[in-house]
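Undergrad: Got a structure for you, written out below as C-alpha cells; questions coming shortly.
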Amino acid sequence: MADFKVVVSDPATGRTEQFEADGQDANRFLGRELGDEVDGGAVGLDGTTLELTGGSDDAGRPLHADVAGPALKEVLLEGGVGFDPSRDGERKRVTVRGREISEAVAQINVKVVDGDAGFGEDEADEDADAEE
C-alpha cells in the first residue's frame, strides 16, 4: 500500500501545508501524471481541486515532466528540475523519475486550482490576535 506526503500550496495566500495520504486516499494519486487534477478530499480539503506539480521518490530523485511513465531514466539536463548549472553551457546526466505517480514516490507537490484550501487562515487570525 502506498503512503505519500502531500505538500499543498495555495497560490492565493502563499501558504503551504503538508498532509499525509495513505490507504484509499493514496490510491487516488496512483497512476496520475504531473499536470493532472485531483479532488482535494484525498488530503482532507473537501471542495477543492488540486493540480499535481511535482514530487520526489524515496531517494530524493525528482519527478520530471519530460519523462513518460513511472520508471527511472538518466537524462542529460541543461537546467530545470533536477539540476542547477553553475555556469553557462554546463550539462549533466541526472537520474530522474518519470511523470507518473507510482508506489516508489514519497512526496507529491500539488497546488490549489479551484476552491478554498482554508488552511493558514486560523493561524493568521491567531497571530493578529496575539499582536493586539
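The values are calculated or read from the model by the stated rules, or taken from the named source; none is laboratory data. Quick caveat: nothing in here was measured; it's all calculated off a predicted structure. Ideal geometry is used to build each Cβ from the backbone, glycine not excepted, and the neighbour counts take in all protein chains shown. Side chains are part of the model used for accessible areas, which takes the heavy atoms of the whole protein and leaves out ligands, DNA and RNA. Shrake-Rupley method; radii C 1.70, N 1.55, O 1.52, S 1.80 Å.
Undergrad: Does the stretch 64-96 hold any residues that are touching a Pro at 6+ places or on another chain (Cβ under 7 Å) and modelled with pLDDT of 85 or more, and which are they?
TA: Residues satisfying the conditions are E78, G79, V96.
Undergrad: Follow-up. Name every residue in the stretch 39-54 that is within 12 Å of the chain's Cα centre (by Cα) and either within 15 Å of D114 (Cβ to Cβ) or acidic (D, E) (or both), in order of residue number.
TA: If the condition is that a residue be within 12 Å of the chain's Cα centre (by Cα) and either within 15 Å of D114 (Cβ to Cβ) or acidic (D, E) (or both), then L50, E51, L52, T53 are the ones that fit.
Undergrad: With a cut-off of at least 2 residues that are open to solvent by 80 Å² or more (accessible area, probe 1.4 Å), name the strands (runs of 3 or more DSSP E) lying wholly within the stretch 1-101.
TA: The qualifying strands (runs of 3 or more DSSP E) are 3-10, 15-22, 37-39, 72-77, 92-97.
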